[in-house]
Amino acid sequence: MNPTERRLIGHIAAAHATAHAIELSYAILLTRIQEDFGTRDVVMGAIATIFGWAFGTTAIPAGFLTDRLGSRQVLVYAFGGSAVMVGLAQNGWWLAAGLAGLGLTSGLYHPAGLSAMAQGVRQRGMALGLHGVAGNLGQALWPLLLTGTPVSLAIVFDWRFGFFGVAGLSTVLAVFLARAHLPVHGESEVLSAEELAEPPAEHKSHPRNLLTPLLLTYAAFVLSGIVYRGVITYLPKHLEEMVSHDFGGSFVSVALVLGATGQFVGGSISQRVRLERVAPVTSAMAVPALILTAIVGGPALVVVSSAFVFFYFASQPVFTGLIADYSPPGAVGRSYGVSFFAGFGLGSLGGVIAGALVDTWDTQAAFLGLTVFMALVVGLSITLWSLAERRYRGISPPAAVESAT
C-alpha cells in the first residue's frame, strides 16, 4: 500500500470506529435506561428498531450522494448530527425521537466509508478487513468507556453522559474530516463524467448478468442484519443476566475484540480465495456458536458468544466485497447504499423480533429465534457459491483467473 492508501484507511477506520460507537451506545445503556424509564422489553426493542430503521434508511441517499459528492463530504454530514438530544430524553417518546435523528445522520456512514475502501485501495480484501477491524474495536472499547469499569461514564455519572460523550466525539471527527483530502480515484474524490461514460476494461471483458447474485447478496444483508440488530441489542442484557449484572459490558468488549480478529481473518482470506467460496464456510460456522450462545451460561457463555461474533464478522469483508464485485461501474456507492439499507434498515426488525421473544420468554429464546435467520444466510451463501461456479465454468480460463483475483 502506498502512503495515500494508508492515509485513506486511517481516516476511514477512525470514522468506522466512531460510527459503531454511536450505534452500540443504546444497546450498552439499555438496561440502565429501562430501569430509569420503567419500560417493557418489547418497547425497548421497538426503540432499537426505530434507531436501526433510521440508521439504514439514509443509506440509500448516502450511496447516491457518495457517487456524486465523494465519500469524504458525505462522512462530514454523517458525523454532523448530535447525540445530545438523546442524552436529554425524559421519556420513551423523546428517547425514540432522539435516536431516530441520530440514526438518520450516522446512517450516512457505511456507503461512503465502504465505497472509499473498495475503490481507493488496490488490496481491497485487506482494506475491507481493516475497515471491519476498526468498527469492531470501536464497538469493543466503547462499552468499557460507558459501563465496563468502575470509572466508566454511566457508572460514575449516569447513562446520559454516554450520549454526551458520543456527541463530543462526533463533532471532533466531523471537523477533522472537513479539513482532510481523501482521493479515491487517482487524485480525485469522485469519478469524472468521462470515466463514468467509459467503464473500466474489466467490466467490458465479462458481459455476464450479475443482477441475480447482487439481489441474493442484498437478501443476505437483510437476514444477516436481523441477526446483527437482535444480537447487538440484547447480548449486553444476556451477558448481564447470565454472567455478571455489573460488568456485562466488559464481556461484550471481549466478544467484539474477537469480532475484530474475525474481520481481519476474513479480509485476509478474501485476498486469496474467491469470495463465493468463503461465504458459506464462515456463515455456517456462526450457526452452532449462536445456538450455544442461547443455551449455555456462566463463563462458557463468554467463550461461545465470542466464537459467534468471530465467525459472524469474518463474513463481513466477504459480503461487502461481493457487493463491489457485482455492482456496475460508477454505482458502487449506490449499491452499498442499498445493501446497508437492507442490512441496517430492513434488518432492524431484529430488534423488535428479539424484544418480543425476550418479553414473552427470555433472552435465551431470542438468541434461539435469531438462529433461524442465520441459517437462511447460510442457504443464500451456498446459492451464491453455486451460481459463481457455473458462471466461472462458462468463461475462458484466463478470464476466470483474472476475475477471481
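Before moving on, here are some points about what is shown:
- Taking the conditions (1) out of contact with any helix residue (DSSP H, G or I) (no Cβ under 6 Å at 6 or more places or on another chain); (2) in contact (Cβ under 8 Å) with a residue 24 or more places away in the chain in turn, I50 satisfies each one other than (1).
- Segment 370-391, residues that are open to solvent by less than 40 Å² (accessible area, probe 1.4 Å) and in contact (Cβ under 8 Å) with a residue 40 or more places away in the chain: L370, T371, M374, V377, V378, L380, S381, L384, A388, E389, R391
- Test: residue in segment 151-158 that is open to solvent by less than 40 Å² (accessible area, probe 1.4 Å), farther than 25 Å from F313 by Cα and either touching a strand residue (DSSP E or B) at 6+ places or on another chain (Cβ under 7 Å) or in a helix (DSSP H, G or I) (or both): yes
- Pair list, Cβ under 7 Å, 6 or more apart: segment 1-20 residue surrounded by 21 or more Cβ atoms within 10 Å (Cβ to Cβ), other residue among the hydroxyl-bearing types (S, T, Y) and part of a helix (DSSP H, G or I): A15/Y109; T18/S170; A19/S106; A19/Y109
- A residue that is in contact with a Lys or Arg (Cβ under 7 Å, 6 or more places away or on another chain), in contact (Cβ under 8 Å) with a residue 24 or more places away in the chain and open to solvent by less than 10 Å² (accessible area, probe 1.4 Å) cannot be found anywhere in segment 324-345.
- Output for segment 209-266, where each listed residue is among the β-branched types (V, I, T), modelled with pLDDT under 90 and part of a helix (DSSP H, G or I): I232, T233, V252, V254, V257
- Residue within segment 87-106 that is closer than 27 Å to R179 by Cβ, in contact with a Leu (Cβ under 7 Å, 6 or more places away or on another chain) and either of a type in the set (A, V, I, L, M, F, W, C) or buried (at least 22 other Cβ atoms within 10 Å of the Cβ) (or both) present: no
- Here the condition is being of a type in the set (A, V, I, L, M) and crowded, with 24+ Cβ neighbours inside 10 Å; of L75, L65, it holds for L75 alone.
- Helices (runs of 4 or more DSSP H) fully within segment 293-405 that include at least 3 residues being within 23 Å of the chain's Cα centre (by Cα) and modelled with pLDDT of 90 or more: 299-314, 316-326, 332-340, 349-360, 363-393.
The values are calculated or read from the model by the stated rules, or taken from the named source; none is laboratory data. It should be emphasised that the depicted structure is a prediction, and the values quoted were computed from it without experimental measurement. Every residue, glycine among them, receives a Cβ derived from its backbone with ideal geometry; neighbour counts consider all protein chains shown. When the accessible area is computed, the model is the full protein with side chains, heavy atoms only, and any ligands, DNA or RNA have been set aside. Shrake-Rupley method; radii C 1.70, N 1.55, O 1.52, S 1.80 Å.
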